[in-house]
Amino acid sequence: MSTGHNSRGATKSQLGALQLEISGLEIPLAQENHKRLRKPTDQPQTEPPLFTHKAIEMMATGAPVISATQAFLKTPEWHEYSPGHLYFQRQFGKGRYIEFFILNQQKHQPGFITSFAEPEILEQYGVHAARLHAIFATYAAQQQEPWKDSFTLLGSDLIKMLRLHRGNKLKKSQKLKAVTDLACILGTLGVKIQWQEGNLNLTIIERSPFWIVSVKEYYQNTIFGNPEELFEAAICVQAGLWTRNFLNKEGQRESKALYQYGFINKAVFNLDPNRQKLAAALALYLIQNRRAHPSGKYSIRSLLSAVMSAQEIEAISKDRRRCSRFVKQVYRLLESLTEIQFGIQFNPSFPEAL
């Protein structure tokens, strides 16, 4: 990455080539207990909050999951294939690619989704969507046949885990509405996969939803029996067809599919997605990419390119003052990662002053 001159000694050519090693993703963290909120009387069975009994959970980490994370984070890299219709693509070589689309006209989707144009949906993507996507991928890894089995999550639990609107003065009902809307936004991501792995043909030609999401909201009624205030929500999720090829334990035993998973630490969700947006995004990418990149060695350029668009990086590199500020932001980002148990070792090419 071309970053301009840093007042502490790093030139822009140096910073783009500098390397560091990131580790510590496997370190267990202290357990915490979560008190469940009161359930509505007619609420369906919901899953317990993540990290209730252990600090590390298994999650799906195959190429579709990592690519979807980047689709949520790198919105400037979505392109039009026809007016008003968008796609995001990741190439993996050997004719393999994963392509994403916005599916906003599904029968099960709420009206606010079907009334949005694709560019309006894209504006709702971002780090909050990527974090909820990681939660869905973690629950999906707990299902025996995730392409068939659904799971239901409590809105109150998701508010806490996502740190959604933490510290502001929104009422609980407003926060619940925000998390249910976000879940519905995740249900707009469609995927098409062209993939060959050895003798396995794992291609999914049709544009299938990545997550199939439905929401049931619970309101406190007035004395006249009219719904007044939202006090809980149940979010039902089923993984798309991609899991049949990339998260299929029995299929892997029979050499018919892949079963790709990794692990995620509770501490990853301790980062504030508003104040530490870039660090929160990068932590997700590093956790999900661990299986495919076990050495943990990255250049600064590759780290930033994983969660920022090429257009964003180029714009920063061309503005000397902005670049100088951004270099400091990068080191604050790395410091944030160490605070959630990532270990960082700098390559000898790093200037000692940094």
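FYI, it's all coordinate maths here, none of it is from the lab. Treat the numbers as computed from the prediction; the structure is a model and nothing was measured. Reconstructed Cβ throughout: ideal geometry from the backbone, glycine too, with neighbour counts over all protein chains shown.
Per-structure values
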{"item": "Cross-link pairs Lys177/Lys216; Lys249/Lys297; Lys54/Lys172; Lys74/Lys249 - those with Cα-Cα distance over 19 Å", "result": "Lys249/Lys297; Lys54/Lys172; Lys74/Lys249"}
{"item": "Computed label-point distance, nm, for sites Lys94 and Arg332 using a 7 Å Cα→Cβ extension", "result": "4.2 nm"}
{"item": "Per residue, the convex hull volume that the Cα atoms of the stretch 219-354 enclose (Å³)", "result": "221 Å³"}
{"item": "Counting all C-alpha pairs of the chain, share separated by more than 26 Å (%)", "result": "53 percent"}
{"item": "Total charge dipole magnitude, the chain, about the Cα centre, Cβ charges on Lys, Arg, Asp, Glu only, Debye to nearest 20", "result": "780 debye"}
{"item": "Debye, to nearest 20: dipole size of the stretch 180-304, +1 on Lys, Arg Cβ, -1 on Asp, Glu Cβ", "result": "820 debye"}
{"item": "Amide hydrogen neighbours beyond the local backbone of Gln341, cut-off 5 Å, H modeled", "result": "none"}
{"item": "Chain lengthening between Arg321 and Thr152 when straightened (0.36 nm per residue, less Cα-Cα)", "result": "56.1 nm"}
{"item": "Rough spin-label spacing in nm, given labels placed 7 Å along Cα→Cβ, for Glu145 and Arg275", "result": "4.7 nm"}
{"item": "Convex hull per residue volume in Å³, alpha carbons only, for the stretch 117-227", "result": "164 Å³"}
{"item": "Difference of contour (0.36 nm per residue) and Cα-Cα distance, Asn221 to Glu352", "result": "40.8 nm"}
{"item": "Once the Cα gyration tensor of the stretch 295-354 is diagonalised, semi-axes √(5λ) in Å", "result": "21, 14, 12"}
{"item": "Highest-fluctuation residue, Val215, Val179, Val330 considered, GNM on the chain with Cα pairs under 10 Å", "result": "Val330"}
{"item": "Net charge over other residues, Cβ less than 14 angstrom from the Cβ of Ala140 (K, R count +1; D, E count -1)", "result": "-1"}
{"item": "Span from the the stretch 142-206 Cα centroid across to the the stretch 266-318 one, whole angstrom", "result": "20 Å"}
{"item": "Total formal charge among the other residues, if their Cβ is under 14 angstrom from that of Leu247, Lys/Arg +1 and Asp/Glu -1", "result": "+2"}
{"item": "Positive minus negative residues near Tyr285 (Lys, Arg vs Asp, Glu; Cβ under 12 Å)", "result": "+3"}
{"item": "Efficiency of FRET from Cβ geometry, Thr203 and Tyr81, R₀ 25 Å, rounded to 0.05", "result": "0.85"}
{"item": "Among Gly190, Gly95, Gly251: highest mean-square fluctuation, GNM of the chain, C-alpha pairs under 10 Å", "result": "Gly95"}
{"item": "Cα gyration tensor of the stretch 173-271 - equivalent ellipsoid semi-axes, whole Å, descending", "result": "38, 16, 12"}
{"item": "Helical segments meeting 20 Å axial Cα length and Kyte-Doolittle -0.5 threshold in the chain (DSSP H)", "result": "172-186"}
